[in-house]
Structure formats: structure tokens, C-alpha cells
Amino acid sequence: MSDAEIDSATEGTFLVTHADDDSAVLRDVERGQVHTLSSNPGLSEDDVVEGTVAPEPPLEVTAELVEVEERRSLSISESREPPTKQEREIAAEQSVGELTKQERAGIGELHVISVPEEETEDAVEDVLEDREATLGRAARLGVNRVEIRSEPGTVSVRYLP
């Protein structure tokens, strides 16, 4: 890498938001900056890469992944299990529309959302459909999977190792 490339290189954690045979799109989960790679070095959508991207000369319109420190795949799913006792207790103590974030023992976080009972399924769908934001949060937290649990009035989003 030349001195100019080093100056314009970006180190960070990147979520792969699109990938095909010819290219990939990475979003920096801390800064929100989007980098389009001119080629795909074997990345898949929903991968997280900790590494360095740099603009590709001479036009610097596209980027290249110049270093990979870590790569992992993320998943998001809806569980048939109900929220835990702890999650139900958190929901009972908050008003409808409120969100409580709580660190998990070890790695990860719990997000408990109180919703109107008749809107529980819609709230779960909203979390599933906002895949990029949810997986971006998982990437920032350093976890590998997101599990959504619900029961009428309560949605629990679990960020798990």
C-alpha cells in the first residue's frame, strides 16, 4: 500500500449488506460509511469483517478490502420460545412503547420492548425487516446471532454470542 492509500484507508467493523460474484457492499457499523468493493473476495451478505478498506486507485470510486483481521457470519431468527422471566419482568415495569437495553452476563445485550398486545406480531416483523440495522448492532456488540422472542405485549431482541 502506498502512503496515499494508507492515509485514506479505513479500519473498522463492516457489515456486508450486498454480495454477488463480482462485488460486495460494506457498511462501516460505527460511522455508517458505505464502501463498494470492485471485486468480491469471497464475502456473503450478513458477514461481518473487521479489517481495513482503501479506495482503489486511480479514480478511488470503488474500494478494496486490504486487510481482514476477523470475519464471521451473523444470523437473525424468530424463536418459538417466549421471553424469559427476566425479560417479562422488565416489560412489566415499563410503559407501552418503551425500550430497555440490558447487558447480558458475558457477551451481548437484551432489548425488551413493550408494545400494544395486538401489535406484537407487527413489532417482531419490523425487527426482522430492519435486518441491516439489527445486524449492524450485532456487529458493534461483537455477537454472532440475534434471536427474537415474543408474547402478547412483549418483544425481546437477544444479541447472543
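The values are calculated or read from the model by the stated rules, or taken from the named source; none is laboratory data. Owing to the predicted nature of the structure, the values given are computational and were not obtained by experimental measurement. Here Cβ is always computed from backbone atoms with ideal geometry, including for glycine, and neighbour counts include all displayed protein chains.
Evaluating D21 against the criteria (1) charged (D, E, K, R); (2) surrounded by 12 or more Cβ atoms within 10 Å (Cβ to Cβ); (3) over 15 Å from G136 (Cα atoms) leaves one unmet condition, (2). V66 meets each of the listed conditions (1) outside any loop (DSSP other than H, G, I, E, B); (2) in contact (Cβ under 8 Å) with a residue 24 or more places away in the chain; (3) under 21 Å from the mean Cα position of the chain (by Cα) apart from (3).
Taken together, V96, V155, V127 contain a single residue that is assigned to a helix (DSSP H, G or I) and out of contact with any Leu (no Cβ under 9 Å at 6 or more places or on another chain), which is V127.
Screening S95 on (1) surrounded by fewer than 17 Cβ atoms within 10 Å (Cβ to Cβ); (2) under 30 Å from L37 (Cβ atoms) shows it passes everything except condition (2). Look at the range 16-28: where a residue is farther than 15 Å from A133 by Cα and a partner is in a strand (DSSP E or B) and of a type in the set (D, E), sitting 6+ places away or on another chain with Cβ atoms under 8 Å, you get A19/D47. Pick from T36, T84, T17, T52: which is in contact with a Lys or Arg (Cβ under 8 Å, 6 or more places away or on another chain) and outside the structural domain of G142 (by TED's automatic domain parsing)? Among T36, T84, T17, T52, only T17 is in contact with a Lys or Arg (Cβ under 8 Å, 6 or more places away or on another chain) and outside the structural domain of G142 (by TED's automatic domain parsing).
Which of the residues belonging to the range 130-152 are within 14 Å of S73 (Cα to Cα), outside any loop (DSSP other than H, G, I, E, B) and of a type in the set (V, I, T)? Result: T134, V146.
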